[in-house]
Amino acid sequence: MSRVYNFSAGPAVLPEEVLRQAASEMLDYQGCGMSVMEMSHRSAAFKGIIETAEADIRELMGIPENYRVLFLQGGATQQFAAIPMNLMRNKKADYIVSGSWSKKAFKEAKLYGEARCVASSEDGNFSYVPDVDALEFAPDADYVYICQNETIYGTRYPKLPDTGDVPLVSDVSSMFLSEPMDVSRYGLVYGGVQKNVGPAGVTIVIVRDDLVREDVLPFTPTIMRYKTQADAGSLSNTPPCYGIYMCGLVFKWLKEQGGLAAMRERNVEKAQLLYDYLDQSKLFKGTARAEDRSLMNVPFVTGDVDLDAKFVAEAKGAGIESIKGHRSVGGMRASIYNAMPREGVEALVRFMEKFEAENA
Ligand SMILES: *Cc1c(COP(=O)(O)O)cnc(C)c1O
């Protein structure tokens, strides 16, 4: 068996220890005589899995008591609709558009109410995050929406907007559990787990109690009401059982690694390694503004599409996988999530040095 260094943006690399544990429990989960995949979601064993997963993510993120944690399906994309349906009581929301994901969320919200784009960085091809200090939000907005780490363009908010009493809603899909965050600053934080937490199929929504209400937009499907799932402990219908189990194993792994402060330290080191190389390289260039650079997704280009293609092809030969940039921007992108070891980033930088020397 040989594993590659997988720089995919998502679904993405998972910790090898977690995959090994899942493999060892595949046929018989802790003496149950069956796989977690085969188990009733109403069984005591699965109850233990989901309750432990919730307790562990609460501990890791320091989630306050007055927030619910929901394990849902439908991907982050479903939340683009669920958020306005559940939260738009005044039918008004302010969106900051800093990349493709917040742009999609904004477009979806317009179907349900008066969504307003308060700032956009599309003029700079989303290479930066709009200055949040310059912004004014509508005091009667139901929420202010951001995508805190734009996976495709590799930007991350250097600071959060001050939204006063208006709840801040943040898509953290591609930075979930990569560093500590103060959940109390948000009304709702959510993400698809397939970037940094687990296998595709689970979306985690962390939502403040007062935003879990009956008075949602009237056409909101029952299954998409936060209240339905909050009241049922995410078991209103069959949840993505195996995915939740995998997330739970990743939470345990993160705790063993020293928690989110330790992850941040490592993630900063890994990102620095790559950015330092990019900043001095004569061939490669990072595409995001330095102050707004993501710790998780690092897009870069040579400036020559043929050379980019050659790089991607030769990288594959050197065990560096899925380094191609998103189809909408081209170039390259290295996603260096929690489970990417430092050695993987070192191998990438070594390969870039070699490629630069050969193609000078
Ligand atoms: C990948 C991604 C999405 C879309 O996630 P799906 O689970 O495929 O719907 C949304 N937001 C961000 C920031 C992402 O990285």
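Listed by chain and number, the aspartates and glutamates whose C-alpha is less than 16 Å from the C-alpha of K324, apart from same-chain residues fewer than 8 away, are D304, D306, D308, E314. PRE reach from N237 (point 7 Å along Cα→Cβ): which of segment 212-226 fall under 19 Å by backbone N? Correct set: 217-226.
When only Cα pairs under 8 Å and 6 or more residues apart are kept, what is the percent relative contact order across segment 1-121? Intermediate values should be presented prior to the final figure.
Details: 80 pairs, mean separation 17.3, N = 121.
Worked out over segment 1-121, it gives 14 percent.
Normalise the Cα radius of gyration of segment 256-305 by 2.2 N^0.38 Å (N = residues in it) and let me know the number. Walk me through the intermediate numbers first.
Numbers: Rg = 12.9 Å, N = 50, 2.2 N^0.38 = 9.7 Å.
Cα-based Rg divided by the globular estimate yields 1.33.
Distance cut-off 21 Å, Cα to Cα: go down the list K195/K282; K195/K227; K195/K270; K270/K310; K270/K354; K282/K354 and report the pairs above it. Check vs 21 Å cut-off fails for K195/K282; K195/K227; K270/K310.
Nearest 20 debye, what's the magnitude of the dipole of segment 1-42 about its Cα centre given +1 on Lys and Arg Cβ and -1 on Asp and Glu Cβ?
Numbers: 3 positive and 5 negative charges, 23 e Å.
For this selection, approximately 100 debye.
Accessible area per residue for the chain, computed on protein heavy atoms with a 1.4 Å probe, is 43 Å². Each of V4, M296, N149 was scored by the projection of its Cα onto the charge dipole of the chain, and the greatest displacement toward the positive side belongs to V4; charges sit on the C-beta of Lys, Arg, Asp and Glu.
Assuming 0.36 nm per residue, please report the length gained on full extension of the stretch E269 to L160 beyond their Cα-Cα distance.
Values: separation 109, 0.36 × 109 = 39.24 nm, distance 2.26 nm.
Working it through step by step, the gained length comes to 37.0 nm.
Here the spin labels are modelled as points 7 Å beyond Cα on the Cα-Cβ line, and at R89 and V305 they lie 5.1 nm apart. Please give the residues of segment 326-360, grouped as numeric ranges, whose backbone N is less than 13 Å from a label point set 7 Å along the Cα-to-Cβ vector of E314. Counting only backbone N, you get 350-360.
If the chain between D209 and N125 were fully stretched, how many nm would it gain, using 0.36 nm times the residue separation less the Cα-Cα distance? Residue separation times 0.36 nm, minus the Cα-Cα distance, leaves 26.6 nm. Subtracting the Cα-Cα distance of V4 and E356 from their residue separation scaled by 0.36 nm leaves 124.6 nm.
So what's the projected area for segment 170-242, the Cα convex hull averaged over all directions, in nm²? Show your work: numbers first, answer last.
On the way: hull surface 21.9 nm².
Averaging across all directions leaves 5.5 nm² for the Cα convex hull.
How big is the equivalent ellipsoid of the chain along its three axes, where each semi-axis is √(5λ) from the Cα gyration tensor, reported in whole Å from largest to smallest?
Numbers: eigenvalues 220, 159, 51 Å².
Taking √(5λ) for each eigenvalue gives 33, 28, 16 Å, largest first.
For the chain, the carbon plus sulfur part of the accessible surface works out to 50%, probe radius 1.4 Å. For segment 275-358, a/c is less than 1.5, where a ≥ b ≥ c are the root eigenvalues of the C-alpha gyration tensor. That puts it in the rounded class.
Treat every Asp and Glu Cβ in the chain as -1 and every Lys and Arg Cβ as +1, leave all other atoms uncharged, and give the resulting dipole magnitude about the Cα centre to the nearest 20 debye.
660 debye
Dipole magnitude for segment 60-208: computed about the Cα centre from +1 point charges on Lys and Arg Cβ and -1 point charges on Asp and Glu Cβ, it is near 500 debye. Farthest toward the positive end of the dipole of the chain, out of S100, L211, Y337, is the Cα of S100, where the dipole comes from beta carbon charges about the Cα centre.
Given the chain, what percent of its DSSP beta bridges are antiparallel, to the nearest 5? Could the numbers behind the result be given before it?
Details: 21 of 39 bridges.
So the antiparallel bridges amount to about 55 percent of the total.
The values are calculated or read from the model by the stated rules, or taken from the named source; none is laboratory data. Just so you know, these numbers come straight off a predicted model, no measurement behind them. No Cβ is skipped: glycine too gets one built from the backbone with ideal geometry, and neighbour counts run over all protein chains shown. All accessible areas refer to the heavy atoms of the entire protein, side chains included, with ligands and DNA or RNA removed. Shrake-Rupley method; radii C 1.70, N 1.55, O 1.52, S 1.80 Å.
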